[in-house]
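Take a look at the structure set out below.
The values are calculated or read from the model by the stated rules, or taken from the named source; none is laboratory data. Please read these numbers as outputs of a predicted model, since none were measured by experiment. We place every Cβ from the backbone using ideal geometry, glycine too, and count neighbours over all the protein chains shown.
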């Protein structure tokens, strides 16, 4: 059963430096690292000590609040450093990799015949569980809850984000195994959304409910798709899995190995030759960034896309969930009468002496400048133009700011994740940190209600 | 070392100091700051609040320039020194004499409005340690355009201080206020010094001084004469062009219309509010015209002249058009939901015309209508939100049945 859904509200941000569709192998990374901050609300409890040898798939730590959620090593090697920050919170776990990966064998399972309970145990033990996220609260799924449905977005619309049709090429077997396994874990359907009129690696899969979406960003955000297909109500839970993570789950089911091979896009106007690389979760980004080369020294490296990614340094590692590394120029410079001059080189949703509306196909070279100072919320009605959910964005943000739990709940906080507010944040005239406001709001609700 | 670097060093030096907000306000006026994103998305769109406010000021400038010429024109016309203008580009109107007299009268209003208002804003920014916000840039331009030409400067000073402090800063500054600050300033003048805000002596420069003299001049506004049961005695096109007495910048419906279209085109002003206010005013005008044609009200009634005014002419006289385009659309004090904006706008149109007709003493209703709807805007939004909340609650119920 396939439906066509057209998203009308939104904004495509076209940037220079899109990754060319050629695939290179990144050199083997010397070290691999896991940053627990990628796993929101998880407090890690280490299982092994510095100096211990691990195989790919050996447990590194588990969640303090839910011990069955385990996090495993993406490679085989030696645990060299557990870096701690303020209040002794673990900030980074570094593994020095062996030349060759040795994989722990979790055994091959047949997702069609295995019971849901065993499948769940299999995913938990093998370290694949953290790839499953849940809404409400946008966090790693609680294994004790059976979700009403599972949502997977089969295409990206975020600026410079990896093209899933390219990165998932030839992975149909893994995808099929993963969605079949996931379909056992829910009472409802596994909803997969793909772009209308475009062939997708998902198109031929069984055990899924396929939907066609068209329209501008955020049509490819899973939050938009949930809102259009089957929104989360109070008391309900849905799971979401990123398409690139399905490959790892599928590989586990087929081969019994926790294999974190991943095709990532290296993109952005500061990259000399933006293209795709074969690498692994947690690899040093310098392995492929140096291979492509940077055309601009004063650049920002982002693990993830430019709207939702994490700022990293060249010594850092690929984030756990990311399949894009973006590099754009830093914007730490002044601009003479920048607020009054006509603007041709930046994107704007308005026509306030800004001319991006005249060139809808033009690609822009945006930097990290905020283009203005932080202010109180003033303008109204502009967020709604880029926000396709049936939620009042300004009002829910204000409810979060004043910590009004009743209003947050009533206005639809269970349905949203920070990434849903990345576009409203982009166009915000008052330069308010929308994603941070929503994240803090969700955390507050989780603490008080969830 | 260029100005950019010198200012950057000064900024670093004064960071965290008491006077930093005042310095930063001037610095960011000269240079778009060097701030980079540090949470959430890494890129931002080009628009900021300064750019937004700048667009509104650009939309107001034609009204200001026209107001300057009109001040001189009305003065010399009342004295009988010049002929009435014919056509929008008439040389009788766009003359050097008109401009110099008008500039002499209007620019002090602008200076006082900006000087006093920004002074209060800077003071509050320094005391509270936050950046100077841009809201007053528009308010400061609106104020001289909505007061009578001969308003004493000390009155304006008092009113601006009152409006900025009570209308805005006590609520927390730009973005937090309930009432439109420019209208708060006008309302203060209106109730504190009514003789300077109404009647037939304040709308034409020099009329007040001439009282009791043999060559006394008067300049009644159209609304004023209608309220007294007289006809308005102006050509429709004169009213549309704005060659009529009134507050400094509100007379030219033509330029206000162009300004409104500019605001809609740039997506800064809400077309929903503008359109619905116009519809509300036209609708109410039609109802009153209907009352007259049904002969429920006779010619002796004191409401007759204003009720009998053709419904669409309400948009040409008084400050209705100016209020709809530049004041009702203030995003902070208007309804903040798109549905709410329709209700808010229609009510402003309806109330403006209603107050006009039924309040012959102070026939301009748009100021009070907007202020009243400012107060009701949060309530309108509340019910719009309730609709969304109920829809969400219903979704659960459908599921559980």
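Numbers at a glance
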item	result
Count of residues meeting criterion [in contact with a strand residue (DSSP E or B) (Cβ under 8 Å, 6 or more places away or on another chain) and either in a strand (DSSP E or B) or farther than 22 Å from residue A:28 by Cβ (or both)] in region A:57-103	30
Among residues of region A:338-349, those that are at the interface with another protein chain (Cβ under 7 Å from one of its Cβ atoms) and assigned to a loop (DSSP other than H, G, I, E, B), counted	7
Which listed residue, of A:146, A:89, is assigned by TED's automatic domain parsing to the domain that holds residue A:211, more than 26 Å from residue A:173 (Cβ to Cβ) and surrounded by fewer than 17 Cβ atoms within 10 Å (Cβ to Cβ)	A:146
Residues located in region A:203-231, provided they are within 14 Å of chain B (Cβ to nearest Cβ) and either more than 19 Å from residue A:149 (Cα to Cα) or surrounded by 24 or more Cβ atoms within 10 Å (Cβ to Cβ) (or both)	A:217, A:218, A:221, A:226
Region B:284-300, residues that are assigned to a helix (DSSP H, G or I) and in contact with a helix residue (DSSP H, G or I) (Cβ under 7 Å, 6 or more places away or on another chain)	B:284, B:285, B:286, B:288, B:289, B:291, B:292
Filter result for residue A:27 (touching a helix residue (DSSP H, G or I) at 6+ places or on another chain (Cβ under 9 Å) and not in a strand (DSSP E or B))	yes
Residue match in region B:341-351 (condition: facing chain A (nearest Cβ under 10 Å) and either more than 30 Å from residue B:241 (Cβ to Cβ) or crowded, with 20+ Cβ neighbours inside 10 Å (or both))	yes
Tally, over region A:354-376, of residues that are more than 7 Å from chain B (Cβ to nearest Cβ) and in a loop (DSSP other than H, G, I, E, B)	9
Checking residue B:127 against (1) free of Cβ contacts under 8 Å to residues at least 24 places away in the same chain; (2) touching a helix residue (DSSP H, G or I) at 6+ places or on another chain (Cβ under 9 Å); (3) under 22 Å from residue B:332 (Cβ atoms), the condition it does not meet	(2)
Hey, residue A:379 in the same structural domain as residue A:443 (by TED's automatic domain parsing), surrounded by 15 or more Cβ atoms within 10 Å (Cβ to Cβ) and assigned to a loop (DSSP other than H, G, I, E, B) or not	yes
Qualifying residue in region B:5-16 (condition: within 14 Å of chain A (Cβ to nearest Cβ), surrounded by 19 or more Cβ atoms within 10 Å (Cβ to Cβ), out of contact with any strand residue (DSSP E or B) (no Cβ under 9 Å at 6 or more places or on another chain) and without any contact (Cβ under 8 Å) to a residue 24 or more places away in the chain)	no
Residue A:318 vs. criteria surrounded by fewer than 24 Cβ atoms within 10 Å (Cβ to Cβ), more than 30 Å from residue B:30 (Cβ to Cβ) and either within 12 Å of another protein chain (Cβ to nearest Cβ) or without any contact (Cβ under 8 Å) to a residue 60 or more places away in the chain (or both)	no
Condition met for residue A:126 (within 30 Å of residue A:235 (Cα to Cα) and either surrounded by fewer than 19 Cβ atoms within 10 Å (Cβ to Cβ) or touching a residue at least 12 places away in the same chain (Cβ under 8 Å) (or both))	yes
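Quick grid of which residues meet (1) closer than 22 Å to residue A:231 by Cα; (2) buried (at least 20 other Cβ atoms within 10 Å of the Cβ); (3) touching a strand residue (DSSP E or B) at 6+ places or on another chain (Cβ under 9 Å); (4) within 9 Å of chain B (Cβ to nearest Cβ):
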position: A:393; (1), (2), (3), (4): yes, yes, no, no
position: A:399; (1), (2), (3), (4): yes, yes, no, no
position: A:402; (1), (2), (3), (4): no, no, no, no
position: A:405; (1), (2), (3), (4): yes, no, no, no
position: A:408; (1), (2), (3), (4): yes, yes, no, no
position: A:412; (1), (2), (3), (4): yes, yes, no, yes
position: A:418; (1), (2), (3), (4): yes, yes, no, yes
position: A:424; (1), (2), (3), (4): yes, yes, no, no
